[in-house]
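I have placed the structure first, in the form of structure tokens, so that the comments after it can refer back to it.
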Amino acid sequence: MAAPYEYEEGGYPQQTDAVGYDPNFVPDSVKSFVVHLYRHIREKNVYEIHQMYETSFQTLSERMFKETPWPSVDAVAPYVDNDHVFCLLYREMWFRHLYARLSPTLRQRIDSWDNYCSLFQVVLHGVVNMQLPNQWLWDMVDEFVYQFQAFCQYCAKMKSKTAEEIALLRQFDQAWNVYGVLNFLQALVEKSTIIQILEREKEGLEEFTATDGYDYSGGSNVLKVLGYFSMIGLLRVHCLLGDYHTGLKCLRPIDITQQGVYTSVIGSHITTIYHYGFANLMLRRYVEAIHEFNKILLYIYKTKQYHQKSPQYEQILKKNEQMYALLAIALSLCPQVKLVEETVNSQLREKYGEKMARMLRYDEEASALYDELFSYACPKFITPSAPSFEEPLVNYNQDAYRLQLKMFLYEVKQQQLLAGVRTYLKVYSTISLGKLANYMDLDEPNLRAVLMTYKHKTHAVDSDGKIISNADVDFYIDEDMVRVVESKSAKKYGDYFLRQIVKLEGIMTDIDRIKLE
């Protein structure tokens, strides 16, 4: 781990101690890298930019800067004509590498915020004549939100702060302010007119998705695509704040039932569906959450081998495991296995089959399992408010998580009797209230309350304000009789026969390989 850097006021790191890192020394390979990257950006050669950004930068980082930062921006600036915009882009990569490999100091966190402010101001108010790869533009938004989250977590651990750190926090109280972060993301959405572009695309007047956001007429894709990804960034920020309604509202212009620019970058695709599914889970829209988790998990299962050399591969695997945990929660609260594809269901049973069976009991052990899976799979919730310096310094970094966990477990507890109701409703087509009350060891008034609770908990309000049902078993009360209406999905015979044909072809291929003596 590199030693902390010493700063001059408003500057960037100038030296380190024993590690021997000299920020002003630029190796020949780095000179070549920045010169070529600068040239390709000027020429709008997106393919070469992508190759250098995704491959060359990672290779050099691994080989030469595994435990040290890259050379300072001041050192490389002379090789790129001191180009202001390129220097902002280089610095953005510099800080991203620092966060990934080392432990940033408070001053570095503040300087990174300043760099993002300068970069986004250029995009919003300047003339940006560049084409950058979608991967890079997504990483900008993704890292911007990540660094905001990391700063909030850092500020929430006040007990161990030094007097110098507290003085810096007081001085730079606007750095990574939640309103500043939201305002930048919202400004990118509005300035890019991306919502109007997507609406015109539905009418056949635009080709934003067909071109993956690139401008083949010689213009720039930067503002439009940053605006597009900022909608996903807003969803993520609002999920971190626990405001799921607003988060989903921010994402509405993107039709996630279709292929889109968000699916062109694997990290963007997974982040979008993870937060979309989690927000729906917390709003009791279980069917929607199950449907989207099923699709993305099947997609990852089929394509993850193609991303093994990607820098995002570990993150893909982690999010894959987290979404299986969330799917296990959703299916335990809303048993709708018919919505899950066979491959995903097989993986789910392998990972969480035993735990899901125990979660259906709704006892103390089940509550502990819900706690365990939620804690593992939920986002890292944040408290965005600035710390209070007048009161005794305490750590409050777990407060937001504990509040969301408490709300979730309260919801689970409210559904404890519902599993029993559903079991009986699956058995009977009609049953008297008295008989059902006797089976459930309740009196009739309490049974009616439980049935009303079942109705309430199996229905939710969708994004259009309509009431939707999550239940695979519904009922209505006709005087003193409970009449059950079970929804039966049409069996997909075609899929079944196709799978059997593929299996048969595999068997026949194996037989053909056998040489009979």
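Scan the range 363-417 for residues that are surrounded by 14 or more Cβ atoms within 10 Å (Cβ to Cβ) and among the aromatic types (Phe, Trp, Tyr) and jot them down.
Across the range 363-417, the qualifying residues are Tyr370, Phe374, Phe381, Tyr396, Tyr401, Phe408.
Mind counting the residues in the range 38-59 that are farther than 16 Å from Pro69 by Cα and in contact (Cβ under 8 Å) with a residue 40 or more places away in the chain?
Here the count works out to 8.
Of all residues in the range 169-204, count the ones that are open to solvent by 70 Å² or more (accessible area, probe 1.4 Å) and in a helix (DSSP H, G or I).
So the answer is 10.
With the requirement that a residue be buried (at least 18 other Cβ atoms within 10 Å of the Cβ), assigned to a helix (DSSP H, G or I) and aliphatic (A, V, I, L, M), what does the range 86-116 give you?
Selection gives Leu88, Leu89, Met93, Leu98, Leu106, Ile110.
Given the structure, is Tyr146 within 26 Å of the chain's Cα centre (by Cα), open to solvent by 10 Å² or more (accessible area, probe 1.4 Å) and not β-branched (Val, Ile, Thr)?
yes
Applying the selection to the range 438-474, what residues are outside any strand (DSSP E or B) and of a type in the set (Val, Ile, Thr)?
Result: Val450, Thr453, Thr458.
Is there a residue in the range 347-360 that is part of a loop (DSSP other than H, G, I, E, B) and more than 28 Å from Ile270 (Cβ to Cβ)?
yes
Look through Phe381, Phe374 and report the one residue that is in a helix (DSSP H, G or I) and under 21 Å from Val412 (Cα atoms).
Selected residue: Phe374, the only one of Phe381, Phe374 that is in a helix (DSSP H, G or I) and under 21 Å from Val412 (Cα atoms).
For Ile166, indicate whether it is of a type outside the set (D, E, K, R), modelled with pLDDT of 90 or more and surrounded by fewer than 17 Cβ atoms within 10 Å (Cβ to Cβ).
It is false that Ile166 is of a type outside the set (D, E, K, R), modelled with pLDDT of 90 or more and surrounded by fewer than 17 Cβ atoms within 10 Å (Cβ to Cβ).
Please verify whether the range 276-294 includes one or more residues that are buried (at least 19 other Cβ atoms within 10 Å of the Cβ), β-branched (Val, Ile, Thr) and under 13 Å from the mean Cα position of the chain (by Cα).
No, that holds for no residue.
Go through the range 322-360 and give me each residue that's among the charged types (D, E, K, R) and either in contact (Cβ under 8 Å) with a residue 24 or more places away in the chain or surrounded by 17 or more Cβ atoms within 10 Å (Cβ to Cβ) (or both).
Lys338, Glu341, Glu342, Lys351, Lys355 - these are the residues of the range 322-360 that are among the charged types (D, E, K, R) and either in contact (Cβ under 8 Å) with a residue 24 or more places away in the chain or surrounded by 17 or more Cβ atoms within 10 Å (Cβ to Cβ) (or both).
Please go through the range 62-74 and pick out each residue that is crowded, with 18+ Cβ neighbours inside 10 Å and in a helix (DSSP H, G or I).
Within the range 62-74, Val73 is the sole residue that qualifies.
Applying the selection to the range 418-437, what residues are in a helix (DSSP H, G or I) and open to solvent by 60 Å² or more (accessible area, probe 1.4 Å)?
The answer is Thr423, Tyr424, Lys426, Val427, Lys435.
The values are calculated or read from the model by the stated rules, or taken from the named source; none is laboratory data. Treat the numbers as computed from the prediction; the structure is a model and nothing was measured. Glycine also receives a Cβ, built like all others from the backbone with ideal geometry; neighbour counts cover every protein chain displayed. Ligands, DNA and RNA are stripped out before the accessible areas are found, and what is left, the full protein with its side chains, is counted by its heavy atoms. Shrake-Rupley method; radii C 1.70, N 1.55, O 1.52, S 1.80 Å.
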